[in-house]
1. How high is the relative contact order of region 68-172, given as a whole-number percent (alpha carbon pairs under 8 Å, six or more residues apart)?
2. Compute the normalised compactness of region 1-120: alpha-carbon radius of gyration over 2.2 N^0.38 Å, N being the residue count.
3. Would you mind computing the Rg to Rh ratio of region 35-85 from its alpha-carbon coordinates, Kirkwood style for Rh?
4. Would you kindly calculate the mean projected area, averaged across all directions, of the convex hull enclosing the Cα atoms of the chain, in square nanometres?
5. Ranking request for peptides 88-95, 205-212, 66-73: highest mean number of other beta-carbon atoms within 10 Å first, then the rest in descending order.
6. So for region 102-246, Kirkwood radius off the Cα pairs, Stokes-Einstein at 10 °C and 1.306 mPa s: how many µm² s⁻¹?
7. Tell me the mean residue ellipticity at 222 nm calculated for the chain from its helices only (DSSP H runs of n ≥ 4, each -39500 (n - 2.57), averaged over every residue, nearest 500).
8. Among the listed pairs LYS6/LYS63; LYS53/LYS137; LYS61/LYS228; LYS81/LYS116, give every one whose C-alpha distance is greater than 27 Å.
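Every number here is computed from the coordinates shown, using simple stated rules; none is lab data. None of the values given here were measured: they were computed from a predicted structure. Here the Cβ positions follow ideal geometry from the backbone for every residue, glycine too, while neighbour counts run over all protein chains shown.
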Amino acid sequence: MGMKGKRVLITGASGGIGRATALLLAGMGARLALHYFSNEDSIDSILDEIEGKYGNDCVMKVKADVSRYDEVNAMVDAVLKRFNGIDSLIAVAGYPMRREVWFADPLGLTDEVLDKPWSVDLKGSYNCIKAIVPYMKRQGNGSIVLVSSTPSIAGDAHGLAYTLAKASIIALTRSLALVLAPEVRINCVALGSISSEANMRGYDEDQIGAMLKGIPMRRFGTPEEAAKAIVFLASDDSSYITGQVVVVDGGEVRV
């Protein structure tokens, strides 16, 4: 996958999937803008690793609340000033769901619980696209990769606020593919159970075993496996693919 020299903005780069995507792209020679909102220590550790291996001219960090368009626009301006363009947007940023919220009664959710995932996942992705697409159109090409999840396809008895927000990402992908073509491609990965400290927190061995029984491959995916699918869709290797949802879940959901 040829990403050498490509200028890529990754939102939510401080998390496991964002980090894995950044490290994969750095190894391919991409120039990276790594977004964070609150976890600056994690971003700094990624920057240190990338700069130690590849130099400091290929990576920068940018902070923004993606639910606020003014902050997103300022972030994009900073990236354009540094790299003189953006070839790919990879929108990983999502609102973290606490376990007690995930298992809450789906018919008893508060306005705040419903609104938070929408503001970060959907509105955040939309704000980034809105700010970046004019520059991609002007340069004649660009690729956008959004991140959804398999509950948004198959449904889930839990995590309704999260599932609704992630389902809207799929609708956004399919709708904007009709608007952004032919210059800009937009695709989505729908992730299943990806192993990370945050995802596994709060589950005991019996619960994890029950989850694995529903996955034909009998294991969780890794952030690195998710990153490979994301980078494929961002790269020119997928140059005739747009408006699609690629499921990465070990066969749990078959569409």
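1. Values: 110 pairs, mean separation 40.2, N = 105.
Relative contact order of region 68-172: 38 percent.
2. On the way: Rg = 16.0 Å, N = 120, 2.2 N^0.38 = 13.6 Å.
Rg over 2.2 N^0.38 Å, computed on Cα atoms: 1.18.
3. Details: Rg = 11.9 Å, Rh = 11.8 Å.
Taking Rh as the inverse mean 1/r over Cα pairs, Rg/Rh reads 1.01.
4. On the way: hull surface 52.9 nm².
The directionally averaged projection comes out at 13.2 nm².
5. Working: 88-95: 25.9, 205-212: 11.1, 66-73: 18.4.
Ranked by mean Cβ neighbours within 10 Å, highest first: 88-95, 66-73, 205-212.
6. Details: Rh = 16.6 Å.
Roughly 95 µm²/s, to the nearest whole number.
7. Using -39500 (n - 2.57) per qualifying helix, the result is -14000 deg cm²/dmol.
8. Details: LYS6/LYS63 21 Å; LYS53/LYS137 33 Å; LYS61/LYS228 22 Å; LYS81/LYS116 31 Å.
As for pairs spanning more than 27 Å Cα to Cα, those are LYS53/LYS137; LYS81/LYS116.
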